[in-house]
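Every number here is computed from the coordinates shown, using simple stated rules; none is lab data. Every value quoted in this text rests on a predicted model; they were computed, and no experiment measured them. Using ideal geometry, Cβ is built from the backbone for each residue, glycine included, and neighbour counts are taken over all protein chains shown.
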Amino acid sequence: MSSLLSLRSNVKKRKRTRVGRGAGSGHGDSSGRGNNGQKKRAGGMRRPGFEGGQTPFSRLMPKLRGFKNPNKVEYSPVNTGSLNVFENNSKVTIADLIERNLISKKTKPVKLLGGKGDLEKTLEITVHKASASAIAAVEAKKGKVHLLELPKVKEEAKTEEVK
C-alpha cells in the first residue's frame, strides 16, 4: 500500500511563461507584445467595441423594445377548407398533411383553424391543437378531432442548459 507522501496529481501542469527575462528565453526585450504603441504599454488595451473614436456600431443601432418569450409555441396552421382534398370518412394524420403539402414546416406542431373555407366532408382528424370554430366545423359534419400532446423539446433543452 502506498503512503500519502508518494501520491501525485494526475493533472499535467504547464510551466508559466516568464516574459522579460532576457533574449535567450524567447520572450525577452518586448515580452511578446510587439513593437511600440498603445498595446505595448501596461493598461493600454481598449475596451471591447471601441472603434477608434468613431460612433460604435452598437450605439448606431436602435433599441429593441419588448422581449421574446422563450416558451412561445409556433404552430403550422391548417384551415378546415383545405381538408376537402381528402376522401369522405377518412382518417387524417399529420403524415397525410405533409404528404399533401398542407404543412410548410414539418418540425412545428400542427393547429387546425376554422377561419377560411367550409369543410364539406366527414373526417377524423389528428392534430396537436385546434380552434373552437374548427372543432365545431368538423363535428357539424359528424367528424372527430383528436388532439396529440405537444413534443417537449424546449423543456429538455432548458434542463440541459442548467446542468
| message | Show log10 I(q)/I(0) for the chain at q = 0.11, 0.13, 0.17 Å⁻¹, two decimals, from a solvent-free Debye sum over equal Cα scatterers. | response | -0.72, -0.82, -1.04
| message | Students often check this: by mean Cβ neighbours within 10 Å, which of 68-74, 17-23, 108-114 ranks highest, and how do the rest follow? | response | 108-114, 17-23, 68-74
| With Cβ to Cβ distances under 13 Å as the rule, what net charge do the other residues near Ser104 carry (K, R +1; D, E -1)? | +4
| field | Positive-pole candidate from Leu150, Val138, Val85, dipole of the range 76-154, charges at beta carbon | value | Leu150
| Dipole of the chain, Cα-centred, from +1 at each Lys and Arg C-beta and -1 at each Asp and Glu C-beta, to the nearest 20 debye? | 1920
| remark: Note, Gly20: beta-carbon cut-off 11 Å, +1 each Lys/Arg, -1 each Asp/Glu, net +2
| note | Rounded to the nearest 10, the angle in degrees between the Cα long axis of helix 153-162 and the longest principal axis of the Cα atoms of the chain comes to 20
| How many nm is it between the label spots at Arg18 and Ser6, if each spot is 7 Å from the Cα in line with the beta carbon? | 3.3
| note | With +1 at each Lys and Arg Cβ and -1 at each Asp and Glu Cβ, the charge dipole magnitude of the range 76-154 around its Cα centre, to the nearest 20 debye, comes out at 380
| field | Summed side-chain charge close to Arg47 - residues other than Arg47 whose Cβ falls under 14 Å, Lys, Arg +1, Asp, Glu -1 | value | +2
| said: Take the residue pairs Lys108/Lys142; Lys91/Lys111; Lys68/Lys108; Lys12/Lys39; Lys12/Lys40; Lys72/Lys111 and return only those whose Cα atoms are more than 22 Å apart. | reply: Lys108/Lys142; Lys12/Lys39; Lys12/Lys40
| note | What helix-only [θ] at 222 nm does the chain give? Using -39500 (n - 2.57) per DSSP H run of at least 4, over all residues, to the nearest 500, the answer is -4500 deg cm²/dmol
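Rg(Cα) of the range 76-154 divided by 2.2 N^0.38 Å?
Normalised by 2.2 N^0.38 Å, the Cα Rg of the range 76-154 equals 1.00.
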| Among Gly37, Ala95, Pro62, which residue has its Cα positioned farthest towards the positive end of the charge dipole of the chain, with +1 placed on the Cβ of Lys and Arg, -1 on the Cβ of Asp and Glu, and the dipole taken about the Cα centre? | Gly37
